[in-house]
1. Counting other Cβ atoms within 10 Å, keep those with at most 14, restrict to DSSP loop, and tell me which trypsin sites (Lys or Arg not before Pro) in the range A:91-164 are left.
2. How large, in Å, is the protein assembly as shown by the Kirkwood hydrodynamic radius built from its alpha-carbon pairs?
3. With each label point set 7 Å from Cα along the Cα-Cβ vector, what nm distance links A:ASP56 and B:GLU718?
4. Ordered by residue, what ³J(HN,Hα) values in Hz, to whole numbers, does the range A:169-177 give under the Karplus form 6.51 cos²θ - 1.76 cosθ + 1.60, where θ = phi - 60° and Gly and Pro are x?
5. Answer rounded, prolate or oblate for the range C:209-317, using the Cα gyration tensor with square roots of eigenvalues a ≥ b ≥ c: rounded when a/c is under 1.5, else prolate when a/b is larger than b/c, else oblate.
6. Taking 7 Å along the Cα-to-C-beta vector as the label spot, tell me the B:TRP650-C:ALA267 distance in nanometres, rounded to one decimal.
7. Taking 7 Å along the Cα-to-C-beta vector as the label spot, tell me the C:LYS244-A:ALA34 distance in nanometres, rounded to one decimal.
8. Just flag the trypsin sites (Lys or Arg not before Pro) in the range B:637-713 sitting in loop per DSSP whose Cβ has no more than 14 other Cβ atoms within 10 Å.
Amino acid sequence: MRWLLSLTFIALLGLVQALSSSGSRLLVVVEEAAEKAKYSTFWKDLEERGYKLTFDSPKNDKLSLFQHGERSFDHILLLPAKSKGLGPALTPNLLLQFINKDGNILLTVSADAPTPTAISSLLLELDIHLPPDRNSLVVDHFNYDTTSASEKHDVLILTRSSPLRSDARNFFGGDGTLAFPRAVAQELGNTSPLLAPILRAKSTAYSYNPKDEVETVEDPFAVGEQIALVSSMQARNSARFTVFGSAEALEDKWFDAKVKPVGGKDSKTANREFAKQVTAWTFKELGVLKVGRVEHHLSSISEGSSGNDSVAQLGYLNPTIYRVKNDVTFNIEFSEYSYDHLVPLKIDPADALQLEFTMLSPFHRLDLVPISTTANSTIFSSTFKLPDQHGIFSFRVNYKRPFLTNVDVKREVTVRHFAHDEWPRSWEISAGWVWIAGVWITVIGWVAFVGIWLWSEPAYDQSKGKKMQ
Amino acid sequence: MVAAALEPFLKGDTGRNTRGLLRLIILCTIAGAAVASRLFSVIRFESIIHEFDPWFNFRATKYLVQNGFYSFWDWFDDKDVLDNGDRWRLMHRELGTWHPLGRVTGGTLYPGLMVTSGIIYHILRLLSMPVDIRNICVLLAPGFSGLTAFASYLITSEMTTSPSAGLLAAAFMGITPGYISRSVAGSYDNEAIAIFLLVFTFYLWIKAVKNGSAMWGALTALFYGYMVSAWGGYVFITNLLPLHAFVLICMGRYSPRLYVSYSTWFALGTLASMQIPFVGFLPIRSSEHMSALGVFGLVQLVAFVEFVRQQVPNKQFQTLLRGLILVIFAVSMGALVLLTVSGVIAPWSGRFYSLWDTGYAKIHIPIIASVSEHQPTAWPAFFFDLNLMIWLFPAGVYMCFQQLKDEHVFVVIYAVLASYFAGVMVRLMLTLTPVVCIAAALALSSILDTYLVADNPTPKEARPNGQATGDVVKNAADYIKDSLRSTRNPVLGIYSYISKASVVGAVTTYLLLFVLHCTWVTSNAYSSPSVVLASKLPDGSQHIIDDYREAYYWLRQNTAEKAKIMSWWDYGYQIGGMADRPTLVDNNTWNNTHIATVGKAMSSREEVSYPILRQHDVDYVLIVFGGLLGYSGDDINKFLWMVRISEGIWPEEINERNYFTARGEYRVDDEATPTMRNSLMYKMSYYNYNALFPAGQAQDRVRGSKLPAEGPQLSTMEEAFTSENWIIRIYKVKDLDNVGRDHTSAVAFDKGNKKKKTAKRRGARVLRVE
Amino acid sequence: MKCSGLLALALLPLLCLGAQKASGGRFEEFHARSQSSAPLRLDDASYDQITAAPRNHSVVVLLTALEARFGCQLCRDFQPEWDLLGNSWAKGDRNGESRILLGTLDFAEGKETFRKLMLQTAPIMLLFPPTSGQNAKPDGQPVRFDFTAGPQSAESVVGWITRHLPEGPKPAIQRPLNYFRIITITTTLLGIVTFISVAYPYILPVIQNRNLWAAISLITILLFTSGHMFNHIRKVPYVAGDGKGGISYFAGGFSNQFGMETQIVAAMYGTLSFATIALALKVPRMSDPKKQQLAVFVWGGIMLGMYSFLLSVFRIKNGGYPFHLPPF
């Protein structure tokens, strides 16, 4: 029954919005129309993917991100602005609020346009650091485009990134070269687990400010792999925030430009595809996990059995109380959203999806193994014996990986002690037989004694009786 | 039972019917008075359960009534008893007290109280009188107080032949504040029935010793079992009866009667007590019960010796036997000690041990010491609770020495022990009260009997009218070899009417004064259900302060079903009962560590306590703050106990001294130590408090001190609710910051002050590895 | 330039080695010395030496002032415990696995150190954790033991040390059997037994004397009901002066009392109950009407006076108490 429901629901979901899993209203903040024209291909791609673009200028004072306390857009795309401030509608607090309300933001910066203070202070809050002095850019004297920037070396030629970690999914891979003209370096703070670089610079790159005259750069803002050109922050509520290092790279002219690395032959840039990947990820078309049914029950009630003794029939599905040392089965259904539909989630062998049975601290931590897959979901399961400890426990699946939305499912259950009639009866314990025998012998002996006593009453003696009193 | 109750009536000496009838009427009126004088709180406020523990008992009773005895027996405490369905399904919704540990309630409480009121409930239902269980719980204590009065009548009439003594005792017992303090309407606590059981068990015991009948012994055991199921104080009986028997034996008063009664009581009573899961095998494992066992053995020995002596009247043989007895006694003692040392027999439980070594609790078990009713008793408390009886009491005890029968020995022992215990713990005033009533009644009755004799003796010889008391005393004087010095020569009586009149008049005045005192004390001291506070307005009218319920109902209405509330353990039961939300700790202080955890969370800095709160997934923190109203029983005043208790577990992290100023004062104003001012409790108490006052005028009316100019800042919690008079403040624990900042900087950002751009880092910069 | 750097590099391990060796030797030396006399008697020099910074052993130093002229009671109370600790560690840890040295620095020998540490009070116990080796603390700053809770037992000190230096063996405390005490107890017991057995016929009547028992039990009851246990537990003062030079016999406040106060109250109770007894038992046994009359009035008067006085006292304790008897 539930199966069917979830299936139909998923199907419907698939039909209704063949695009981002979280709405299609995209606000593009661009200062003047001239700017907008440069990116026409980019807009076209987005619209093809079903986004309803709203172009607006930060100067416009009617612009507001919220209406009646709700988001009036699902995503924001910020193009670099010339002006220092971004106006009353786009203060850092508002943008942060937008994120806290599950809105996604794609921020593009460029070395040509200084970053507004609003933006930089927001980035500071997120522990993403831009070079202190404006309009400093990333140069690389070994990987640059010889055709366009033979002198300045400020058009970087990059290959797309390899996976971040062995267990992390790579949404931004693929071959082809990327051209990043006049990119702004970002440096990611060390502490926050929410940050992840999407595209790094080559190890020979460094960030410097062309304005200052000194020939040698000592202590540059950032060097080599530490420079992130595209970096991402996925908040705890899985809202996504991406900083795109070079807005120019999204312009039409770089989408289909020919570039020629040092000592290489010229090739077409893969910017367009990369832009698609980045936007798709940022606007939640990729790497969105969805938890379907979560259920747990006594293992004794078998899953397969149908009819009257099926799990659902007995009504013992997801009971809220178990007894210590029960055998329990826990099932959870996972699907992943990719572009326009849900697919079964696959955990790669390097990684593991784990179930915790926890009270204050985990008593069990077990791998969940896939037992079956439907059209667009995988069902993971695990069976184990409850610990010999009563209390309020919770089944917890806490799966947080870079570039995947956070999953933290908790199901609270009470684990009770043995009831007075759940212990074995006394006679079932062979060690108790001695005592039982003792009891009965005493009883019989006493009765017998009383009988004898009453039977053999002595002739009543006066004096004795007196004395007893 | 009924026969036992009626017996004294049928045994009137002359004109028994009229007297019997009179006594019956008087007793009924006394019972009526006893009940009536306990209804102040119901009349003033409403029919509401009082204080803390009663709330749990009430919840348990509801659970029992709803789900029947067996599921009560196996109750694993979660919450929300009002639910139907099969028994496991029921127990589940309970996400209970002691989150997340849960509590095996069925096995860790004394079911007597709940079962009693449950039975009453069902009986009334049977009689087609559907009474709300709450009202039964509220009125249980007064009802039983009536029975207690009756029981004390019975026991006193066992002590003396004077008919008035029993009635006096009943009257005293009915209205003495010492007993009312724990049995006003609505204080639905174990003591409510336990005191009745205590007195009645003693009555039965005395009956048994007097008649040496197995039946009375069995009845004693029966009620002893009931007592065990009702109150932890049963240990008092467990030790008093053996002591009585032991003393009697030492006095050479051994008799087959004693043998029969004691053996019957011990055998059956122990079995009965072991039926209570909470008691279980204690009676044979713990030292508290060893005296009973030992005396049992002794009685057997003595009986054996007596038997032998009756068979073989031989001097040497007897001495031999005596020696034998001594040896055996010594050996068994040694064995007991050995077992205790080797740990087979549990040593004395701290609670009990702290009665003897009075310094013990304060050092080793601060939780016990922290309870206000475990403090020693100052003399005004005695006078307050017992008024003139406190000085009639010794007189009565003295009179017990006149004719020192077995039962009088009992009274003497009881008097001495109970007065010691009452001196050590305020709470045990309760066990002292009955014997005080009895003794006082004895003393006063003998005065009245002497001075209320209508006609005077002629100086020559004793007149028959003097007899009523006269011959008793004389008989006593006769058959006791050395009597008391004051009762050597025979009683003559009082000659002049003036003296009679004056004495009787004086006594009457005292008695009237006593009644006034009791009424006054009851209505002023013992009749406020500490859930609802009453205060007098300037114009004398009464003003009800209902913050507790306001807050609890706020919780009930505005928080999630399973929201975990953290508060100091005093309020656990109330939150469970009224707000119906799971709590971390409650008044059943079985888990020191868990309570210490809460104490630590309360008494450390936010940065330290926030992880603790997260770990126990606490959603709300509730504190009590009296500063605005001058309500002294608030958490800041209890704070030091939280510190001490948690220091007991984490001596390295919490240190009581840091909460005192250099001059060793406990202050909350500018002088207060940083540790104090950074502690979560302090912050939560005074957060936003000076917003109420003009700048710099903030004033704490309990501590009577001016508060610092700028109040404390909270970053990890936000104020959720503050009751009308600020007595209860509830805070919501914030979730982790959405974009992974620490709370302080998040708060700073929301306040609008931007971070400075990160200046050039000095030293080697830390590189990202991934 | 470069080569000098190289040189330094080359020297570095040697230096470390040297330091290592020195400290190692230090421990062995002191440990050996502690075997003979434990805990070590230190003076300024040896103190500095033993606690010098790179050390692979830990040191527990008791800074005390034993000489009578300093009048440090706490020092003298704690000293036996400390010696006991030292001895049992010297025994229990012959070949120094614990790598802990116990030392005593008396003010007499260690004025310098006291001044250096700017210590005003004694005793003070410092624990210097090792800077290298197991449970090493990088800064190696000493930890201070807290004596505010009065004289500590050796066990508590061991517990404290264990908390700070979790690893490594901790010898158990062996308290020497106090033979003298055992002997005295046994002898006294035997003496008592013999005395009883000899004097039994004389004692017996005394024990069986009812008046005696009555007196005893009455006294105990009066003692307890007048709040003696409260005094015993709360250690209340016997009397306290009121603000202006006089003595206040009655402490203000309902749950507060003085030692003397309780005695007064007990006396009052006693008188009252004695009056009761007299009225109930003595008076009706008087044969002479005149005397009896007198007695009744006397006792009655006493009772009334006492009771009213008691009430007035109680009104002092409990402000709002409305009732009172004439004359007070």
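Readers should treat all values here as calculations from the given coordinates under stated rules, not as data from a laboratory. Here the structure is a predicted model, which means the values were calculated and not measured. Reconstructed Cβ throughout: ideal geometry from the backbone, glycine too, with neighbour counts over all protein chains shown.
1. In loop regions of the range A:91-164 (DSSP not H, G, I, E or B), the sparsely surrounded trypsin sites (Lys or Arg not before Pro) are A:LYS152.
2. Hydrodynamic radius (Kirkwood, Cα only) of the protein assembly as shown equals 40.4 Å.
3. Simple spin-label model gives 2.5 nm for this pair.
4. 6, 10, 8, 10, x, x, 9, x, 9
5. Values: a/c = 3.45, a/b = 1.75, b/c = 1.98.
Oblate is the answer for the range C:209-317, as a/c is 1.5 or above yet b/c matches or exceeds a/b.
6. In this crude spin-label approximation the distance works out to 5.4 nm.
7. 9.5 nm
8. B:ARG663, B:ARG701
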